[in-house]
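Engineer: One structure, as structure tokens, below. Some questions next.
Throughout, read-outs are computed from the coordinates displayed, never taken from laboratory work. The shown structure was predicted, so the numbers you read here are calculated from the model rather than taken from an experiment. Heads up, the Cβs are rebuilt from the backbone with ideal geometry, glycines too, and the neighbour counts pull from every protein chain shown.
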Amino acid sequence: MLTLRRVLLINRKLIVKQSTVKLTVHRTSALGNNCYQFHLSRSLYNESSSSLAKISRRGLLRINNSILNKTPHRYISPTVALLIRPLTRIGALLFGRFFRKWWAKKTSEEKKLYIDWVSKQRQKIYGALGFFMASLFMFYIMNIEVDPLTGRSRFIIMTSNQQKVLGRLTFENYLENFKDFIVPTTHPAYKRLLRVVNRILEANQDLPQIKEREWTLSVIDKDDPNAYVLPGGNIFVHIGALKLTENDDQLAIIIAHEVAHVLLQHPIEQISRNLLQDILMAVPIAVVWALFPDLLALLLQALGINMFDILVTYPYSRKLENEADNIGLQLAAKACYDVRHAVVLWGIMRTLAELNIKPEVVPWLNTHPNHEDREKNLTKQLPLAIATRQQSGCPILNPADPIKYFNSLSLKEREIKMERRGFVQSKILL
Ligand SMILES: [Zn+2]
């Protein structure tokens, strides 16, 4: 049993209460734990909200309810979705390998008979393949929906309830894994983070995706500056993230980015997309194992998957990161944080890479954009975020621009500042 402090949103008031979570499920997450590879629950976007319309009028978030997909969905269970990857890859490998061994044992007469048979059945085989591809395409079309915050179409294969189940199981799994590292609610880091989280959630109560989710906060006593949110809105922040940030404004940018991943359902979108990719990749994997000896087939399979990641998966993932940066910036703006610190935060990250204190992200080999690209993107988003902040009735920004101050520092001065904050070598994924 583990006691956690939960942040519950009830009647637009934030009530922090003690709750007990019984740890009865011990299953390993199929996904990693960096910031966007967690499971998130499905947003409640189908509820047309007057508050969303109000935000839209203010130009904060782009809404397009009129193009919401009304086709009945054909959902798939979370267990099936998570098992598809290992099952299709191993199944395709075994099938291809079995076929190669079986074929090698046939005499040349037998091979000729089989080839003749396939030639005669060619039309039926093409028909079956066409039917399979058409079914897959229909399944894809029937599960396309439009995100109300971005207006972007996406493929989602789980119902709201299925996502809740997935979220709960993942949360229990994380609690079990971190049970020795969760800091008490009396810890200063917890209190500081709770203040920031509450402020962001409270300021964005007009979004049903925030209001109708039960949020929790867990602070983990680990030095790597990481933060992530699970499907049901379970926020995890490592103590190291506090060392990275200079103030609550920068901390708010990190938290808001993670909350944005939840609102945008990015992990569910990733799981859904992976399912389709894995089904489609089963055929080339089977062909490779049918044609080539084991070692060569293994190398070709690894090469193919890596190439696919570089050309398709990573660019798509970086797009989601930018999306979470943009929406997160708006969430922080509505909470009256100084959004200019988003640019400073990524300037700090860039500087840490320049000083070889932290590794630089090589974009084409990574799921995340590099620090400089994020800094540039957030600089472009800044005017809109500042306008949102003004429209939210926030106090005027401090005339001392933190971006100008940060950029006025020499590399040596930045290095001294960072050394004072005592960074340790670790992997950063925000
Ligand atoms: Zn992220």
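Engineer: What FRET efficiency would be calculated for the residue pair residue 108, residue 153, taking the C-beta separation as r and a Förster radius of 41 Å, to the nearest 0.05?
Structural biologist: Numbers: r = 52 Å, r/R0 = 1.27.
So, using R0 = 41 Å, E works out to roughly 0.20.
Engineer: Holding the Cα-Cα limit at 25 Å, pick out from 319/376; 179/417; 164/222; 191/380; 191/376; 319/417 the pairs that are longer than that. Show your work: numbers first, answer last.
Structural biologist: Working: 319/376 14 Å; 179/417 34 Å; 164/222 27 Å; 191/380 33 Å; 191/376 32 Å; 319/417 32 Å.
Where the Cα-Cα span goes over 25 Å, the pairs concerned are 179/417; 164/222; 191/380; 191/376; 319/417.
Engineer: In terms of modelled amide H atoms, which long-range or inter-chain residues lie less than 5 Å from the amide H of residue 216?
Structural biologist: 7, 234, 235
Engineer: Arrange the peptides 185-196, 168-179 so that the one whose residues have, on average, the most other Cβ atoms within 10 Å appears first.
Structural biologist: Numbers: 185-196: 15.7, 168-179: 18.8.
The densest-packed peptide leads the list: 168-179, 185-196.
Engineer: If packing is taken as the average number of other Cβ atoms within 10 Å across a peptide's residues, how do 244-250, 395-401 rank, most packed first? Provide the component values of the computation, followed by the final result.
Structural biologist: Working: 244-250: 19.1, 395-401: 9.4.
In decreasing order of mean packing, 244-250, 395-401 become 244-250, 395-401.
Engineer: Give, as a single signed number, the net charge of other residues whose beta carbon lies under 12 Å from the beta carbon of residue 395, with Lys and Arg counted +1 and Asp and Glu -1. Don't skip to the end; give the middle numbers.
Structural biologist: Numbers: positive: 389; negative: 338.
Net of charged neighbours comes to 0.
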